[in-house]
Each structure stands twice: as C-alpha cells, then as structure tokens.
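Beneath this line is the structure, given in structure tokens, with notes to follow.
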Amino acid sequence: MQEMNRRDMLAMAAAFAALGGLAEAQVGPDGKLSQTTVFDFGKLPVKTNATGGASRAVLSGTLPTGEFLEVHETMLPPGQMPHPAHKHRHSEMMLIREGQLEFYAEDKVLPLGPGGVAFAGSNHMHGLKNVGQTPANYFVVAIGVQEK
C-alpha cells in the first residue's frame, strides 16, 4: 500500500468533513432519525481498526418513538475478533453478508454464515470471531439505550 503524503491526507480530511456534514443533514442536527432516506454504502467513510479490519458507520440517532438506533458495517479479517466478548444495555443484531463466524452467546459457541442473523439481548455476554479463511462482512444493528 502506498504511503499518503500531506496533500492526500488534507484531501481525505476535507472529504470526511463533507461526508460528516451530509450524515448530519440526513440524521438531523438534533440526533433525531426522522427523515426517510438512503445511505449510499460506497460513500460511507471507512475507518480501519487494530485487527486490520474496517468499519463503516451508517447511522446513529434517536427514532421518533424514542429508541436509540445505531447501524454499522464491519469487515473482519480471518482469525480475528472485533473486540473481546462483552455485554451492554442495548440489544444488537448482526446480519452476516459474507464469511464464516462463530457467535459467542453467553456460554455457547454457535456457527454463523452468510445470510445468518445473530441476536444479543440487553446485558447478555456475546462476541464474534471470524473462523473462515476469507474476510467476514456483517452489519450490526443496535437498538435500545444509548451508551454514554
């Protein structure tokens, strides 16, 4: 991979700033998700992480009915976990697009592949690991109490 020079980094920073403004306009300045819209996957900023994977934040805000909703997409390299198993107040669904994963649900380890959906209820220990030979891609939909 080619190293980035200052000019490239400034151009990328400007692009991310512009995308941030677009996302704010779609979600609303008050963090409310009240507009019907489309999020173009190819235009979502990509954030690399310590596992060598990447993620795209799709949306985050409060629905008109009061629930907090956050959606992101993750690419997880073979053999990696996005983070150690954990629990939190909100519930999560993981919708698998590609790859072979193991879903850790409390004391069980369950296989999960393309088209599969995992659900982690509020305050239940859970985690994922890519056990395949190729990157795994999945969406996470979190709903409930916003973590501070």
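The values are calculated or read from the model by the stated rules, or taken from the named source; none is laboratory data. Computed from a prediction, not measured in an experiment: that's the story for all the values here. Here the Cβ positions follow ideal geometry from the backbone for every residue, glycine too, while neighbour counts run over all protein chains shown.
Observations
- Just one of (1) under 30 Å from Leu33 (Cα atoms); (2) out of contact with any Pro (no Cβ under 7 Å at 6 or more places or on another chain) fails for Ile96. It is (2).
- Pairs where the first residue, in region 113-133, is without any contact (Cβ under 8 Å) to a residue 24 or more places away in the chain and the second is buried (at least 19 other Cβ atoms within 10 Å of the Cβ) and not in a loop (DSSP other than H, G, I, E, B), C-beta under 6 Å, 6+ apart: Pro114/Ile96; Gly116/Ile96
- Count of region 65-84 residues which are within 16 Å of the chain's Cα centre (by Cα), of a type in the set (S, T, N, Q) and part of a loop (DSSP other than H, G, I, E, B): 1
- Subset of region 85-140 [assigned to a strand (DSSP E or B) and charged (D, E, K, R)]: Glu92, Arg97, Glu98, Glu102, Lys108, Lys129
- Considering residues of region 103-148 that are within 16 Å of Met93 (Cβ to Cβ) and of a type in the set (Val, Ile, Thr) only, the residue surrounded by the most Cβ atoms within 10 Å (Cβ to Cβ): Val140
- Only one of the numbered conditions (1) modelled with pLDDT under 95; (2) exposed (fewer than 15 other Cβ atoms within 10 Å of the Cβ); (3) not charged (D, E, K, R) is not met by Pro82, and that is (2).
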